[in-house]
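Have a look at the structure below, then the notes.
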Amino acid sequence: MAVTFNHSGIVVSDLDRSLKFYCEGLGLHASLIVEGEGAELSQWLGYPNVKVRAAFVSGIDGTSIEIIEYKNPKAATRSAEDMHKRAAIGASHLAFIVEDIDKTWKKLISMGGKKLNPPVNVGDKVKGLYMQDPDGIWVELDEDKTHQDFAFRIIQNTGFAPALPAPTKTTL
């Protein structure tokens, strides 16, 4: 059976704020913004009377992240202690390769990101850091000179044109 990766999803408290952080701040592109509710979606997500707003964002490789704001039930915030555990079972992070880590990091901090430590060189060609988005989701930024030296990139067929059109808005 052939399997391919579809997307990862993160739950946020404010979809519009997160779109600004990930699209304007980091440089991802929103391809689809949806609102959904109803019996089928409630069954799919496992909550009665569910109502969500969500957006699919991606980088130049086409890999998608679904950013989800639960309207009903309202998303609960984890305890501060749990939000900061990176070495815990089930903990996750999003990792991105950026061209200028210092500039990107400062921009994201100015947009509500939370710093852990400044960028650090690891070896000759990699510079990286961990930080949190405005909801406490861990984000890894890497400035990777080794991979920037190669022009080859895999582009996933995501169903939207490379010209990066305005996101489609729809209701499920």
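Before moving on, here are some points about what is shown:
- Here residue 81 passes the criteria (1) in a helix (DSSP H, G or I); (2) surrounded by 12 or more Cβ atoms within 10 Å (Cβ to Cβ) except the one numbered (2).
- Scope segment 1-16; condition under 12 Å from the mean Cα position of the chain (by Cα) and assigned to a helix (DSSP H, G or I); matching residues: 15
- If you filter segment 49-70 down to residues that are without any contact (Cβ under 8 Å) to a residue 24 or more places away in the chain and on the phi < 0 side of the Ramachandran plot, you find that the one that is nearest to the chain's Cα centre (by Cα) is 52.
- Of the criteria (1) in a loop (DSSP other than H, G, I, E, B); (2) in contact with a Gly (Cβ under 6 Å, 6 or more places away or on another chain), which one residue 27 fails: (2)
- Subset of segment 104-160 that is at pLDDT 85 or above and of a type in the set (Phe, Trp, Tyr) - its residue that is surrounded by the fewest Cβ atoms within 10 Å (Cβ to Cβ): 130
- Tally of residues being on the phi > 0 side of the Ramachandran plot and without any contact (Cβ under 8 Å) to a residue 24 or more places away in the chain across segment 2-48: 1
- Residue in segment 47-64 that is within 17 Å of residue 133 (Cα to Cα), loosely packed, with under 12 Cβ neighbours inside 10 Å and of a type in the set (A, V, I, L, M, F, W, C) present: no
- Counting the residues of segment 37-57 that are in a strand (DSSP E or B) and in contact with a helix residue (DSSP H, G or I) (Cβ under 9 Å, 6 or more places away or on another chain) gives 6.
- Residue tally, condition part of a loop (DSSP other than H, G, I, E, B) and touching a Ser or Thr at 6+ places or on another chain (Cβ under 8 Å), over segment 93-105: 1
The values are calculated or read from the model by the stated rules, or taken from the named source; none is laboratory data. Predicted, not measured: the structure shown is a model, and the values here were computed from it. Glycine also receives a Cβ, built like all others from the backbone with ideal geometry; neighbour counts cover every protein chain displayed.
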